[in-house]
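Take a look at the structure set out below.
Any read-out appearing in this document is the output of simple, stated calculations on the displayed coordinates, not a laboratory observation. Here the structure is a predicted model, which means the values were calculated and not measured. Neighbour counts are summed over all protein chains in view; Cβ atoms, including those assigned to glycine, are modelled from backbone coordinates with ideal geometry.
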């Protein structure tokens with residue numbers, strides 16, 4: 001019998017010292033250690049140790065844990081191979097050029113210094129955690145940004161995007177809580193989980209769908225601050241909550257809220273077409289403007305709580321239906 005030992009690898013910090021004969025990440029002489037290449041899980045840092053340009057080349061392993069670029073680094077870091085950052089990415093200096101290579105960042109992305117330049121991929125750049133730009137330049141490079149992953153705050157400081165999607169989203173994205181975001185979503189986009197908007201614009205064309213499977217569905221929340229939907233003519237959501245601000249559906253042919261419409265504060269202008277409600281309306285506060293449209297209740301066991309005025313109201317009659325107007329008629 002021989003003893004079995006489980007060997008674990010402790011992630012290390014590797015600093016770019018530029019000591020190699022080229023600019024490649026796969027050249028170990030370019031890294032501290034001395035001369036040890038970073039591997040998956042490691043932190044790579046760039047600072048005044050060397051401001052030599054740097055290239056993530058095809059011989060590099062393709063994954064690190066953390067990227068940290070200090071304000072004292074003034075070189076250019078170029079992707080020549082796909083890279084996965086499995087934790088945080090912080091840039092305070094230099095230029096990051098993703099070129100045409102896909103980049104994924106699993107945790108918080110921070111761009112926080114006026115001299116820093118981040119150039120996204122002309123393919124796809126995936127941000128799965130919080131996204132924060134407080135200073136610096138974000139260049140979209142005519143690529144796609146995918147805000148994937150779980151709950152996170154997205155604050156863009158007015159950065160411009162080419163195309164945004166939420167393909168791998170699994171939980172609420174809070175957009176524009178501290179700085180402005182404008183996200184072009186393209187034609188007939190689908191957001192698969194909850195969205196909370198403050199200082200944010202979602203633009204596109206056709207139908208905007210914000211739906212998650214399950215009885216609870218997803219939530220589309222509009223908060224005070226300047227939330228805007230631009231270019232769409234149909235909205236299809238699980239739940240809609242108005243918590244301040246103004247949302248105007250004039251010109252929409254149809255707005256479908258499959259479960260619950262909740263009004264806490266703010267102003268909601270109904271579509272000139274149809275507003276479909278699948279379960280309840282709960283109007284605790286705010287203003288509802290009927291806008292010569294039709295409100296259609298089409299589910300079972302439905303109710304209206306609060307004082308609301310409608311222009312046209314229709315209750316479709318599926319089997320075993322109930323509409324409770326007790327609170328609305330008080």
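Quick notes
- Using a Förster distance of 22 Å, the FRET efficiency for residue 190-residue 253 (Cβ separation, nearest 0.05): 0.75
- With both labels modelled 7 Å from their Cα along Cα-to-Cβ, the residue 167 to residue 72 distance reads 3.9 nm.
- Prolate/oblate/rounded call for region 177-265, Cα gyration tensor, a/c under 1.5 rounded: rounded
- Residue exposure sequence - 179, 196 - by fewest surrounding Cβ within 10 Å: 179, 196
- Between the beta carbons of residue 100 and residue 310, assuming R0 = 51 Å, the FRET efficiency works out to 0.45 to the nearest 0.05.
- Pair residue 22, residue 292: separation of 7 Å Cα→Cβ label points (nm): 6.9
- Within a Gaussian network of the chain (alpha carbon springs, distance under 10 Å), most fluctuating of 239, 165, 309: 309
- You can think of it this way: the chain between residue 177 and residue 205 has 7.6 nm of extra reach, that is 0.36 nm per residue less the Cα-Cα gap.
- Order of 37, 181, 28, 156 under a 10 Å beta carbon neighbour criterion, fewest first: 28, 37, 156, 181
- Length-normalised contact order for region 14-148 - Cα pairs under 8 Å, 6+ apart - percent: 16
- Which label in (1) 1.12; (2) 1.04; (3) 1.16 gives the computed Rg/Rh (Cα atoms, Kirkwood Rh): (1)
- Prolate/oblate/rounded call for region 165-214, Cα gyration tensor, a/c under 1.5 rounded: oblate
- Over the chain, Cα pairs under 8 Å with separation of 6+ residues give a relative contact order of 7 percent.
- Residues considered: 183, 288, 127. Largest GNM mean-square fluctuation over the chain, using C-alpha springs under 10 Å, is found at 288.
- Shape category assigned to region 127-196 from the gyration tensor of Cα positions, a/c cut at 1.5: oblate
- In nm, spacing of pseudo-spin labels at residue 137 and residue 84 (7 Å Cα→C-beta vector): 3.2
- Hydrodynamic estimate: the Kirkwood radius of region 1-144 over Cα pairs, inserted into Stokes-Einstein at 4 °C and 1.567 mPa s, corresponds to D of 84 µm²/s.
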